[in-house]
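The values are calculated or read from the model by the stated rules, or taken from the named source; none is laboratory data. Just so you know, these numbers come straight off a predicted model, no measurement behind them. No Cβ is skipped: glycine too gets one built from the backbone with ideal geometry, and neighbour counts run over all protein chains shown.
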Amino acid sequence: MQAISQVTGPILVLEQENIDTDQIIPARFLTSTSFAGIGEHAFADWRFDTNGDAIADHVLNQSRARRSPILVAGHNFGCGSSREHAPRALLGFGFRVVISSQIADIFRNNSQNVGLLPVVLDKDQFASLLQMDGQEITVDLEQCRVLVSAADGGEQSWPFTIDPFARHCLLRGLDRFEFLVQANDAITAYEEGR
Amino acid sequence: MSAPESSPKSLFDKLWNAHLVQAQTEATPAIIYIDLHLVHEVTSPQGFDLLREKGIPVRRPDLTLATLDHSTPTLPAGADGIRPYYTEQARHQVHTLRDNCREFGIELHDWDSPSRGIVHVMGPELGATRPGMTIVCGDSHTSTHGAFGALAFGIGTTEVGHVLATQCLLQTKPKSMRINVAGKLAGGVTAKDLALNIIHYLGMNGGTGYVIEYAGEAVRNLDMESRMTLCNLTIEAGARAGMIAPDATTIEYLRGRPKAPKDAAFETAAESWLQLASDPGAEFDHEINLDGSAIRPTITYGTDPGMSVAIGEPVPPAANESQAKALKYMGFSAGQSLGERKVDVVFIGSCTNGRISDLRAVAKVLHGRHVAGHVRMLVVPGSEDVRKQAEDEGLHETIIKAGAEWRLPGCSMCLAMNGDIVAPGETAVSTSNRNFEGRQGSGSRTLLASPETAAACAVIGHVAGVSELQPLQESR
């Protein structure tokens, strides 16, 4: 997993609420036994018509989409299935961070496991962010803050909270698996005590 | 954070505490032990890769159980013996699971197993799912197993690797919610209708961060298959796990199942299962009281499972932009009667409603009737066990005679990754769990309902309820 501490870049806004994992990666792309190349299928049903032709004017097909490291998406992002293919597809597409006002439990967990930083912002601040499509912002995981340039030239700094262990692992690019492996004696003791 | 030893505990607290290998701290999550790891072909291959990469075995193959369900065709093999997989990649995925199970010594219910089925149908049927367990699977509908008083939830593929390797999972304790459903469900009202109403009440994100316990008279009165339907749909309100305290209904369902304890050991286990119920006075972070007797047969009209109405009600106005977009996608407008909508496809099956009681309900509606000429109806049993039972009872004959297709067990049209697909623009009434855009195929439009309602829609040919069926002429 690639470490992530500070990400700066233009945001891509998908205002729709409840974007589910079937939108992020339709099930027909889940038959691969590897995650390689999955980013090419991110939002496939939004980016391509039923003939498989790219919908040119869709925001996700514009060149700026691939240059935006930060996805800003409507409330309850990532609801639905447990497919880890969803955060992997977003990473493969080029995103490193996803910001919403609520992120579904399993998707959030999966994101933290694969190195996509899930950020949940306060509703009012999130509403402001929705109006800033294409604007450059900074997400600072060290400080747990989103930094946004204000219209008057000043800078706004919005705090977010994240599970401390997830933050620890994401900052260092640590695989959570190692933490489990270190608990091997405790696991054995538990098994023996049953 | 956790309550003192003496204080009343909830079912969830009891299960959580009993499986703590290492307690949660301010800086680290808890490590919880997993009693049953269910595996299928779609979300496991990269998990097994982790083991090979690290050179480690599956820690507890005896607590791991695998099946083929998601990518499998529901049409039989041809005369050449070749199964009609949708793609070569799907065939390869199934073969990969077979190879992985052989390499790591895991029990796989392959094509030749009389028990193969959708993972959440098969586990309970085998008695592998039991009260007091922690159960995970790389599938969000793992919540189904909570019907037995187990703590069961979906995980991602990285975590599948973690559990294969260590039989443990890193978890931060979720909050708890209890939903009490008082009163009796009216005749013709099913667990599916109850669940759709709960999701409507909570919203599709109202359960986020929670484990839900279902309680109250209406829940206690449900049989096990109905309880599974209710717990299955918990994830559609955003909660990872739903659970119901074990009782006599649970015990009688499990008695004699192949993997359940036998004889005296069963009686001892049953006694301990009854101790799992939430203690009187147990505290929940959130508690909701609903009136079960007010619920009517229900159907969804939007692209999230919370957008539902009682059958006969018009399409409600959109409450926000997302709902407006959903109505546009579905081709509905506010105030419109759902009954105007012609139905193209009816899908009976899935881990939500693919069990024997569901097929009996469908056959009861179809008996002596015929599916409307323009409707394609698929009936897909949830497992080989369900298929055999249905065929022993002759249900398949009723279903075929009515003009529906009788298929082999699998996830089928629930998620359109195995060749069973709803065409763009078509309207499907489905007994499955998700009506998301494109869920049943790009451009497909899904209305979720109970098996009874779906069967009635197939016969009438447009969106309808059982009460709209013409009475049969001959003897009932």
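General observations
- Pairs, first within 12 Å of B:Phe104 (Cβ to Cβ) in the stretch B:42-67, second among the aromatic types (Phe, Trp, Tyr), C-beta under 6 Å, six or more apart: B:Val58/B:Phe104
- Residue count for the stretch A:96-111, restricted to those that are surrounded by 24 or more Cβ atoms within 10 Å (Cβ to Cβ), under 16 Å from A:Val139 (Cβ atoms) and not aliphatic (A, V, I, L, M): 3
- Selection count where residues are touching a Cys at 6+ places or on another chain (Cβ under 9 Å) and either of a type in the set (A, V, I, L, M) or surrounded by fewer than 24 Cβ atoms within 10 Å (Cβ to Cβ) (or both), scope the stretch B:118-153: 5
- Top-ranked residue of the stretch B:21-39 - restricted to ones that are among the aliphatic types (A, V, I, L, M) and closer than 26 Å to B:Glu107 by Cα, ranked as farthest from the chain's Cα centre (by Cα): B:Val21
- Residue match in the stretch A:2-10 (condition: part of a loop (DSSP other than H, G, I, E, B), more than 9 Å from every other protein chain (Cβ to nearest Cβ), in contact with an Asp or Glu (Cβ under 6 Å, 6 or more places away or on another chain) and more than 29 Å from B:Leu68 (Cβ to Cβ)): yes
- Looking across the stretch A:124-157, the residues that are in contact (Cβ under 8 Å) with a residue 40 or more places away in the chain, assigned to a strand (DSSP E or B) and surrounded by fewer than 19 Cβ atoms within 10 Å (Cβ to Cβ) come down to A:Glu136, A:Thr138, A:Asp140.
- Total residues in the stretch A:104-118, condition touching a residue at least 12 places away in the same chain (Cβ under 8 Å) and over 18 Å from A:Arg172 (Cβ atoms): 5
- Boolean, B:Asp139 is in contact with a helix residue (DSSP H, G or I) (Cβ under 9 Å, 6 or more places away or on another chain), facing another protein chain (nearest Cβ under 8 Å) and modelled with pLDDT of 95 or more: yes
- Residues in the stretch B:232-249 that are surrounded by 24 or more Cβ atoms within 10 Å (Cβ to Cβ) and part of a loop (DSSP other than H, G, I, E, B) were compared, and the one that is modelled with the lowest pLDDT is B:Arg240.
- Output for the stretch B:408-423, where each listed residue is under 18 Å from A:Phe29 (Cβ atoms), in contact with a strand residue (DSSP E or B) (Cβ under 7 Å, 6 or more places away or on another chain) and in a loop (DSSP other than H, G, I, E, B): B:Asp420, B:Val422
- Candidates B:Ala27, B:Ala3 - the one that is of a type in the set (A, V, I, L, M, F, W, C), at pLDDT 95 or above and surrounded by fewer than 19 Cβ atoms within 10 Å (Cβ to Cβ): B:Ala27
- Residue among A:Phe160, A:Phe179 that alone is within 11 Å of another protein chain (Cβ to nearest Cβ), surrounded by 16 or more Cβ atoms within 10 Å (Cβ to Cβ) and within 24 Å of B:Pro29 (Cα to Cα): A:Phe179
- Condition met for B:Ile118 (at pLDDT 95 or above and over 16 Å from B:Phe48 (Cβ atoms)): yes
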